[in-house]
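**Student:** This is the structure I have questions about; it appears just below.
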Amino acid sequence: MKRGFGIIILFFLFTIPLTLLVSGQSKYPFDYEQLSEDERLVIRFSHVVGEDTPKGMAARKFAELLKERSNGYIEVQVFSNGTLYKDGEEMNALSRGDVQVIAPAISKLTEYVPEISVYDLPYAFHSLEEVHTFTEGVAGQKLTERLREFNLYALGIWDSGFKQMSNRLRPIQKLEDLKNLSMRIMPSDILAEQFSILGAYPKEYDFNAVFHELQKGSFDGQENTLTNITSKNFYSLQDYLTISNHGYLGYFVLFNLDFWNSLDEDVKQLITDTYLEVQEWEWELTEKLNENTLQEIEQCQCIELHHLSDEDKILWEEKFEPLYDYYIEKYGDELIKELPKFKSKT
Ligand code: LMR
């Protein structure tokens, strides 16, 4: 008798919350903390950067808010610093369903959707706001559709900011100073071309290998955002840093599409609403963190810092113009013409 009663209680304990959740009558009314991992919705989120970078902090906030708002039913487990999957591994892990969400740098998606390298074009954007407008417009929609062909569902974009250049050999003030330097890049033919046209040597390396390879002297320099440069301590191995803001680095936040489609509608809604709130927060955070990091670098006097003059910026931008023709030749002008700098002229 007692055992039967226990079973009935257990049955109600587990089924009522889930039934209510599915029927949408009352969302997440119970405390799911008491349930095992099998009974919660576990979403594994893998990324390769440090915890205190914009992506690292946003991933944590996304997890915290979803847990709170679902009373613990949705558990986003965040694996930072490439501890679960490294740069070159996370896309495959997502396709296999070993993780459910990742936020790779957009350049790393060029292997799947090559035209996404429009984001890599130097001086394609002059502010993060321009990036967001571009992404929320026609170009972003087209790219999101293309990503679906690879079973990827893009929730939106997170920023890391604009890239700066560091190296160990000489100050980079003019683009000519890059001649003969070997520079680490992310996998993207536009990034490779960006250095090749200047007579520099692009070298592709995974993010998690950069520090070690810099130590070994495998290349002279690299381009990255300030939060990535400092959080991974690259600047301790480099002597010169140029604040060039020449290129954008950001992330598409991607779910495995099959996994996404398997979710209940109210779960999808909660994830989407929470994501959008976190995205706004992440965008502001990125601006602040990059500003603070620049101040810290200015104060630490640990690397020789160069700012481009307004004249230099114009010259740099002009010098990169052939890259736009190169892009159009390979991928057409469908996306390029949506860039704010061209749109405002039409
Ligand atoms: C890089 O490889 O330099 C970046 O993509 C790392 C990141 O995810 O910000």
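The values are calculated or read from the model by the stated rules, or taken from the named source; none is laboratory data. Given the structure is predicted, the values throughout are model-derived calculations rather than measurements. As a convention, Cβ positions derive from the backbone with ideal geometry for all residues, glycine included, and neighbour counts pool all protein chains shown.
**Student:** Take the residues of the range 34-71 that are modelled with pLDDT under 95 and not in a loop (DSSP other than H, G, I, E, B): which is surrounded by the most Cβ atoms within 10 Å (Cβ to Cβ)?
**Tutor:** So, considering only residues that are modelled with pLDDT under 95 and not in a loop (DSSP other than H, G, I, E, B), the one surrounded by the most Cβ atoms within 10 Å (Cβ to Cβ) is E39.
**Student:** For N228, are the conditions met, namely being within 14 Å of the ligand (Cβ to nearest atom), under 21 Å from the mean Cα position of the chain (by Cα) and of a type outside the set (D, E)?
**Tutor:** For N228, the condition - within 14 Å of the ligand (Cβ to nearest atom), under 21 Å from the mean Cα position of the chain (by Cα) and of a type outside the set (D, E) - is met.
**Student:** Taking the range 250-267 only, how many residues are of a type outside the set (A, V, I, L, M) and either within 16 Å of the ligand (Cβ to nearest atom) or loosely packed, with under 15 Cβ neighbours inside 10 Å (or both)?
**Tutor:** Looking only at that region, the number is 8.
**Student:** Same structure again: Output the residues belonging to the range 92-116 that are crowded, with 18+ Cβ neighbours inside 10 Å and touching a strand residue (DSSP E or B) at 6+ places or on another chain (Cβ under 7 Å).
**Tutor:** Scanning the range 92-116 gives A93, L94, V99, Q100, V101, I102, A103, P104, A105, I106, L109.
**Student:** Sticking with this one: Taking the stated definitions as given, is I190 hydrophobic (A, V, I, L, M, F, W, C), in the same structural domain as W316 (by TED's automatic domain parsing), farther than 24 Å from G50 by Cβ and away from the ligand (no atom under 16 Å from the Cβ)?
**Tutor:** Here the answer is no, as I190 does not meet what is asked.
**Student:** Tally the residues that are in contact (Cβ under 8 Å) with a residue 12 or more places away in the chain, over 19 Å from G82 (Cα atoms) and of a type outside the set (A, V, I, L, M, F, W, C), restricting the search to the range 35-48.
**Tutor:** Result for the range 35-48: 3.
**Student:** Could you tell me whether L237 is away from the ligand (no atom under 16 Å from the Cβ) and in contact with a Leu (Cβ under 6 Å, 6 or more places away or on another chain)?
**Tutor:** Considered against the rule, which asks whether it is away from the ligand (no atom under 16 Å from the Cβ) and in contact with a Leu (Cβ under 6 Å, 6 or more places away or on another chain), L237 comes out as no.
**Student:** List pairs: first in the range 105-126 and farther than 28 Å from I314 by Cα, second away from the ligand (no atom under 12 Å from the Cβ) and part of a helix (DSSP H, G or I), Cβ under 7 Å, 6+ apart or cross-chain?
**Tutor:** L109/I116; V113/L143; V113/R146; V113/L147
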